[in-house]
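Chemist: Structure below; questions to follow.
The values are calculated or read from the model by the stated rules, or taken from the named source; none is laboratory data. Bear in mind the structure is a predicted one, so any value in this text is a computation, not a measurement. Methodologically, a virtual Cβ is constructed for each residue, glycine included, from the backbone with ideal geometry; neighbour enumeration extends over all protein chains shown.
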Amino acid sequence: MTRIVATGGEATGVERVFREVYGQAVATLVRVFGDITLAEDAVQEAFVVASDRWRSDGIPPNPAGWIVTTARNRAIDDLRRSARGRELHEQLGATASRPNGTGAEHRSEDGPVSDDQLRLIFTCCHPALRTEHQVALTLRLLGGLSVDEVAHSFLVSESAMAKRLVRAKYKIRAAKIPYRVPARADLPERFRSVLSVVYLIYNTGLDDPERASLRREAIRLARALVELMPDEPEAAGLLALMLLSESRVPARTAGDALVLLRDQDRTRWDHTMIEEGHAIVRACIRRAQPGPFQLQAAIQAVHCDADSPEATDWPQIVALYDHLFSVMPTPVVALNRAIAIGEIEGPGAALSALDAIAADLDNYHLMHAARGTTLRRLGRRDAAMAAYERAAHLAATEADRRFLAQQIEELADDDDLHRPNGSTGPHNETSAR
Amino acid sequence: MSQYLLSTYTVQDEVPGAPGTPEEMQTFMERVIALEAEMDATGTFVFGGALHGPDTATVVRVSDADVVMTDGPFAESKEHIAGFYVINADDLDAALAWAGKVADATNHPIEVRPFFATGRLADQVHEMPGT
């Protein structure tokens, strides 16, 4: 078996092309043959042929077309050799000769069509598949990540990930999950689940520096979705949200610990990404069809617009959170809204807002971290300590745990907050900073 | 065209969401009759039925050439199949759309499962894997 991926250093030109055309080629082959495994095997075989030939002859002018043609011929050869294949082949013949077919079969058998990828992403993100399968399929089939890379991204073994992918593909085939852009009536909801999968991929990459490549992949997928569905402002909103979040990544950690937005060195933000994100948000505002991703992007745009935490337009952020909460009334949105209120009305107001939703978010570490910070600002050292400790206990990532450990350490050193008479009850709100 | 089993379950001999009053039963029946008429009109309906409870079940097995009967269902379980439809549908999306209508008309959750094969085995043999 020819080894396609280099063992270290920069990917060669051939490997880069493979990565770029994999998703397109698989999507096109799935359309032609109606079977994901067959499509993947054929594209893999075509890559093996290409890795030999292209290294000596150079990369052809239309590498995607070359791969699709080669893979298609391989697949037909394979089909002729197996009983299941003969059956599939007959079905395909029947589809192709049907006068009122979808038309896709006649349009372009050999060239990749972007619609193919769109159809396939709706299949990969079908709500009948569990989320972890949706994510794995999307990264494998559309992102072109190897099984090993997908496995690494989700901290599972290659064999466990291979099994997961096989099970998902089996369900697609057995239950006949269609390769199709959903009907108009179902489209908004189905499209939201596609966007959520992409955002989940991004956030998985944000939580763990080991998996940083997932962020790049998610942004690439979002760009593709914007291109595929230019009439969906939420796709643009998701892209802007991720670009604006990504712009702050260089300032987001110091060593291994997280740096809060208010403490970040804003000169280290990526201003090219911010400009692109801002331009998309402005275009979304002009379209006036707001949705959850666009509103979240708008909130990030306001943050990225400020040279300092003090210069931030907090009333605008609270207004956007109010709007977001009206379309997405989740406790996490309420949490962020409460934190923003604290920036305008002070920690007392923030604490009331936080306590109102605390029961819903008792297992969410950021809820307790926010309470810790607010209680500390109110001078309630013991309560703050308890909140931080609970947050640290619940935190899922190493960076979050380190950040919280640092807060606990600082709090222990806060001499000016030492309890005046041996007991700081929950109602003792003295020496607020 | 594929076939799917749309089924619903009893939990501890109760059907969750079953109609309680005679009025509820009346509208329940009207909804289900209308839905089944729609299934017929579109060539969707293959077969359907509601089952007596698991305490009416008998399991038959062959042991040393003797036929042995046991009172009760296969497995001790809180949940047992209560009723089902077998439907024709083009693909999972179509089957899920019908399942949504059944869930809405009956007020029961519906499990959708594709058939691996249907009909008489002799008619299926050429389609089975490994042949």
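Chemist: Do the conditions hold for B:Gln26, that is, is it without any contact (Cβ under 8 Å) to a residue 12 or more places away in the chain and away from every other protein chain (no Cβ under 14 Å)? Step through it out loud before you land on a result.
Modeler: Numbers: without any contact (Cβ under 8 Å) to a residue 12 or more places away in the chain: yes; away from every other protein chain (no Cβ under 14 Å): yes.
Considered against the rule, which asks whether it is without any contact (Cβ under 8 Å) to a residue 12 or more places away in the chain and away from every other protein chain (no Cβ under 14 Å), B:Gln26 comes out as yes.
Chemist: Let me ask you something else. Which of the residues spanning the stretch A:182-198 are of a type in the set (A, V, I, L, M, F, W, C) and either more than 11 Å from chain B (Cβ to nearest Cβ) or under 17 Å from A:Ala222 (Cα atoms) (or both)?
Modeler: Those that are of a type in the set (A, V, I, L, M, F, W, C) and either more than 11 Å from chain B (Cβ to nearest Cβ) or under 17 Å from A:Ala222 (Cα atoms) (or both): A:Leu187, A:Phe191, A:Val194, A:Leu195, A:Val197, A:Val198.
Chemist: Taking B:Ile87 as meeting all but one of (1) of a type in the set (A, V, I, L, M, F, W, C); (2) farther than 30 Å from A:Val181 by Cβ; (3) within 14 Å of chain A (Cβ to nearest Cβ); (4) not in a helix (DSSP H, G or I), write down the number of the exception.
Modeler: Single failed check for B:Ile87: (2).
Residue-wise test of (1) in contact with a Phe, Trp or Tyr (Cβ under 6 Å, 6 or more places away or on another chain); (2) at pLDDT 90 or above; (3) of a type outside the set (Ser, Thr, Tyr).
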| residue | (1), (2), (3) |
| --- | --- |
| B:Ala18 | no, no, yes |
| B:Glu30 | no, yes, yes |
| B:Thr42 | no, yes, no |
| B:Ala65 | no, no, yes |
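Chemist: Does A:His303 meet the test of being touching a helix residue (DSSP H, G or I) at 6+ places or on another chain (Cβ under 6 Å), outside the structural domain of A:Val197 (by TED's automatic domain parsing), of a type outside the set (Asp, Glu) and in a helix (DSSP H, G or I)?
Modeler: No: the conditions fail for A:His303.
Chemist: Need the failing condition index for A:Gly144 against (1) more than 14 Å from chain B (Cβ to nearest Cβ); (2) within 19 Å of A:Asp41 (Cα to Cα); (3) touching a His at 6+ places or on another chain (Cβ under 9 Å), just the number.
Modeler: Failing condition for A:Gly144: (3).
Chemist: From the residues in the stretch A:394-403 that are surrounded by fewer than 22 Cβ atoms within 10 Å (Cβ to Cβ) and touching a residue at least 12 places away in the same chain (Cβ under 8 Å), which one is farthest from A:Ala350 (Cα to Cα)?
Modeler: Here is the first cut: in the stretch A:394-403, the ones surrounded by fewer than 22 Cβ atoms within 10 Å (Cβ to Cβ) are A:394-402.
Right, trim to touching a residue at least 12 places away in the same chain (Cβ under 8 Å) and you get A:394-400, A:402.
On the way: A:Leu394: 22, A:Ala395: 22, A:Ala396: 25, A:Thr397: 26, A:Glu398: 27, A:Ala399: 25, A:Asp400: 22, A:Arg402: 25 Å.
Among those that are surrounded by fewer than 22 Cβ atoms within 10 Å (Cβ to Cβ) and touching a residue at least 12 places away in the same chain (Cβ under 8 Å), it is A:Glu398.
Chemist: Sticking with this structure for a sec: Checking B:Ala97 against (1) within 12 Å of another protein chain (Cβ to nearest Cβ); (2) in a helix (DSSP H, G or I); (3) in contact with a strand residue (DSSP E or B) (Cβ under 6 Å, 6 or more places away or on another chain): exactly one of these is not met. Which one?
Modeler: (3)
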